[in-house]
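This report refers to the structure that appears directly beneath it.
The values are calculated or read from the model by the stated rules, or taken from the named source; none is laboratory data. This one's a predicted model, so the numbers in the text were calculated from it and none came from an experiment. All Cβ positions, even for glycine, are placed from backbone atoms using ideal geometry, and neighbour counts span all protein chains on display.
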Amino acid sequence: MQQGQDRVFAGIRCTGRQHIGNYLGAIQNFVALQDKYECVYSIVDLHSLTTLTDTEELQDNVRETALDLLASGIRPEETILYAQSHVPEISELHLLLSMVTPIGRLMNVPTFKEKAKAQPENVNYGLVGYPVLQTADIVLYRANKVPVGEDQLPHLELAREIVRRFNNIFGDTFPEPEAELTSAPMVLGFDNRKMSKSYGNSLDMAATPEETFQAIRTAITDPQRVRRNDPGRPEVCNVYTLHGFFGPENQPKINSACRSAEIGCVDCKKMLSESVNDYFGPIRARREELSANPEAVDEILIDGARRARVIASEVLADVKDAVGLPASLPEMANVNA
Ligand code: ADP
């Protein structure tokens, strides 16, 4: 990174295929940031170990996530895209940062409390340390910009606190990461709750046209519109809102045709399916091409990790130097010699 140049870091959970809410709320923004900043995007497989006990699908999920990102327009020649576990420096930095992080502060993080409640049988150390690992993710590249929504600001604040504490104790080592605030929409799922994989109310970006219609068909519309010729109220209908994301040009005519019961909900859902299919058509085609060659996708991730490690090892050497540890151990590195 050249002096004064901004570097963005974002972590992406490897939940496998991404849904259209992930696309509108996060991925689209990651793609756009590439035009403005040097970007480092990590598919955070280590983070998943805090909640997952069945890890059989973990590496497949990393690849599926990478496919959606690449198909959406992440450019691996310029952006560093990699899997978190491929950069082992992260674990060492996590340990060092844990030494300056007050445990009481971590125990009070709302997401920790929620997760601890959700999995009382597995309240593990990694779960408490999640924000420390997140901080390490960012500062391992001395990234100074983190794309977050308003709701994630408290997490970033904790990262900033850890950085300030480290810098105070050991001298200026990291820039304090700042929020690159994004005004992403909150996309509702077909049951009107937040669209989320865990609610089973989502539509994968990579769905086929038929799967797209079958999913959209189940969407809740205006509850007062019971019969086909009842007038509808687009302002309370999530299908209408979704038209706004994928075919805004259709909204005026749908608005009046719904109010006058000229079209029924099934017609409206068919139109939405077409818009979604048109919108994701090129992305799905690119994904298909990429997924025909999984080795090439793995190679992209390995190349990303290689480039990430060049930065990470330099930063880690500075950190070790700052805390009073030897930055490298040439004569001990070769213990088997
Ligand atoms: P899920 O809830 O399906 O497991 P994640 O928690 O993995 O999704 O979300 C990853 C990112 O995608 C989040 O940081 C958020 O920015 C975005 N995202 C997820 N769900 C939505 C949604 N319903 N609307 C808008 N953005 C979303």
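Descriptive notes on the structure:
- Annotation note: of ALA184, ALA207, the sole residue that is among the aliphatic types (A, V, I, L, M) and modelled with pLDDT of 95 or more is ALA207.
- Residues in segment 41-66 that are within 27 Å of ARG7 (Cα to Cα) and β-branched (Val, Ile, Thr) were compared, and the one that is farthest from the chain's Cα centre (by Cα) is VAL62.
- The set of residues from segment 168-218 being of a type in the set (Phe, Trp, Tyr) and within 10 Å of the ligand (Cβ to nearest atom) comprises just one member, TYR199.
- Qualifying residue in segment 285-308 (condition: under 30 Å from GLY171 (Cβ atoms) and not aliphatic (A, V, I, L, M)): yes
- Some residue of segment 310-324 being in a loop (DSSP other than H, G, I, E, B) and out of contact with any strand residue (DSSP E or B) (no Cβ under 6 Å at 6 or more places or on another chain): yes
- In segment 219-253, the qualifying residues are those that are outside any helix (DSSP H, G or I) and within 26 Å of the chain's Cα centre (by Cα), and the one that is farthest from the ligand (Cβ to nearest atom) is GLY247.
- Applying a threshold of 8 Å to beta carbon distances and a minimum spacing of six or more residues, or different chains, the list of pairs starting in segment 180-199 at a residue that is touching a residue at least 12 places away in the same chain (Cβ under 8 Å) and within 22 Å of PRO147 (Cβ to Cβ) and ending at one that is more than 6 Å from the ligand (Cβ to nearest atom) and basic (Lys, Arg) reads GLU180/LYS145.
- Just one of the numbered conditions (1) at pLDDT below 95; (2) over 30 Å from ARG165 (Cα atoms) is not true of GLN3: (2).
- For segment 39-48, the count of residues that are surrounded by fewer than 19 Cβ atoms within 10 Å (Cβ to Cβ), among the aliphatic types (A, V, I, L, M) and part of a loop (DSSP other than H, G, I, E, B) is zero.
- Of all the criteria given as (1) farther than 19 Å from ILE90 by Cβ; (2) within 16 Å of the ligand (Cβ to nearest atom), the one not satisfied by LEU156 is (1).
Let's see how each residue does on (1) in the same structural domain as TYR37 (by TED's automatic domain parsing); (2) touching a residue at least 24 places away in the same chain (Cβ under 8 Å); (3) aliphatic (A, V, I, L, M):
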position	(1), (2), (3)
ASN124	yes, yes, no
VAL128	yes, yes, yes
GLN134	yes, yes, no
PRO147	yes, yes, no
LEU156	yes, no, yes
ALA159	yes, yes, yes
ILE162	yes, yes, yes
ARG165	yes, yes, no
ASN168	yes, no, no
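- The residues of segment 64-98 that are in a loop (DSSP other than H, G, I, E, B) and closer than 13 Å to GLU299 by Cβ, listed by number, are PRO76, GLU77.
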